[in-house]
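The values are calculated or read from the model by the stated rules, or taken from the named source; none is laboratory data. Small disclaimer: the values here were computed from a predicted structure and weren't measured. Please note: Cβ atoms are built from the backbone with ideal geometry, for glycine as well, and neighbour counts cover all protein chains shown. When the accessible area is computed, the model is the full protein with side chains, heavy atoms only, and any ligands, DNA or RNA have been set aside. Shrake-Rupley method; radii C 1.70, N 1.55, O 1.52, S 1.80 Å.
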Amino acid sequence: VVHRPHRDARLMVPRTLELTPADTAVVDRVGAALTAAVGTGRLGVAFSGGVDSSVLLALAVHALGAQRVVGVLGVSPSLAEDERRAAHEVARVIGAPVVEVRTAEGDDPDYRRNGPDRCYFCKKELFATIDRALAQAHGLTAVAYGENADDARRPDRPGSRAATEHAVLRPLAEAGVDKAGVRRLARAFGLPSADKPAAPCLASRIPHHEEVTPEKLRQVEQAESALRRLGLGDVRVRHHGEIARLEVPTADIAAVSGDGLREAVLAAVRAAGFRFVAVDLAGIQSGAFTLPLVTRHGLTG
């Protein structure tokens, strides 16, 4: 499925906010690197709608023009439908065409067994699918993804190994753009994902070494979607069998457990098939399942 841009995104130059000299240099540096890598061909951007890949897509379109860039959105049970729709809206604002590809990481027993290296097998499937199904058809001479400089320093990013194996570019990380820099650029480009909370794939809600199944993913997606409709913009539902462990920002914990919202939260999560609902007093915890394992066993990307 190809979604065409609504306008010539080459004209979308940051104007709403002034860039610092350092950020202006980043825009120029990333643009020059992409131009050199692509040559006369086209660039594929592994695109999820998150702020990192959105900024990369915007920078690519700014440097190369919309006709020489295509966003690639991997679709599988681990991608929530809300995230899929939001990704297309971001691409529409950027003016970039998007191609959806079906990925089959769920067919890989190494992915389903859900070790701390699960993301490696997911990214491996995505990049292999791009190589196999899209590169020639869309004239792609290079593929890039949105790893930033902070990600590159973290030990719980095994997907970066798959990127290396498939010669996928990581221009944000190589330009030294950290998460704060990514968000500044997103605001400068007026992207709707500029302040979007991190949204890891649904499989990240399942504890490592517990099998990833379509049913578990559906439960998590249904529960999180219902909670967002209640006004909880940043929420993760961790799957512990019959127990759903809710992570929300610490500022929202009192509201979630208070009389005004508690019954609606219970009903929403139980409707997804969970029997018990717990609220984690530690709040949102990025890498809570993976970091202890990679720290203990030295499993880096």
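Does T129 meet the test of being of a type in the set (V, I, T) and either buried (at least 16 other Cβ atoms within 10 Å of the Cβ) or within 19 Å of G106 (Cα to Cα) (or both)? Answer is yes for this residue.
Residues in segment 182-199 that are under 14 Å from D234 (Cβ atoms) and either buried (at least 16 other Cβ atoms within 10 Å of the Cβ) or out of contact with any Lys or Arg (no Cβ under 8 Å at 6 or more places or on another chain) (or both): 5 in all. Inside segment 175-208, residues that are touching a Ser or Thr at 6+ places or on another chain (Cβ under 7 Å), under 13 Å from S53 (Cβ atoms) and part of a helix (DSSP H, G or I) make up a count of 1. Of the listed requirements (1) open to solvent by 20 Å² or more (accessible area, probe 1.4 Å); (2) touching a strand residue (DSSP E or B) at 6+ places or on another chain (Cβ under 6 Å), D110 misses just one: (2). Looking at segment 231-254 only, could you name the residues that are in a helix (DSSP H, G or I) and either touching a Phe, Trp or Tyr at 6+ places or on another chain (Cβ under 7 Å) or loosely packed, with under 15 Cβ neighbours inside 10 Å (or both)? If the condition is that a residue be in a helix (DSSP H, G or I) and either touching a Phe, Trp or Tyr at 6+ places or on another chain (Cβ under 7 Å) or loosely packed, with under 15 Cβ neighbours inside 10 Å (or both), then T250, A251, A254 are the ones that fit. The requirement of being in a helix (DSSP H, G or I) and under 17 Å from the mean Cα position of the chain (by Cα) is fulfilled nowhere in segment 108-115; no residue meets it.
Within segment 68-91, which residues are open to solvent by 10 Å² or more (accessible area, probe 1.4 Å) and in a helix (DSSP H, G or I)? Listed by number, the residues that qualify are R68, E81, D82, E83, R84, R85, A86, H88, E89. If the condition is being open to solvent by less than 20 Å² (accessible area, probe 1.4 Å) and touching a strand residue (DSSP E or B) at 6+ places or on another chain (Cβ under 6 Å), then segment 255-284 contributes V256, V269, F274. Summed over segment 119-174, the residues that are part of a helix (DSSP H, G or I), hydroxyl-bearing (S, T, Y) and more than 26 Å from P207 (Cβ to Cβ) give a count of 2.
So is A60 of a type in the set (A, V, I, L, M, F, W, C), without any contact (Cβ under 8 Å) to a residue 24 or more places away in the chain and assigned by the TED database to the domain that holds A135 or not? Criteria not met by A60.
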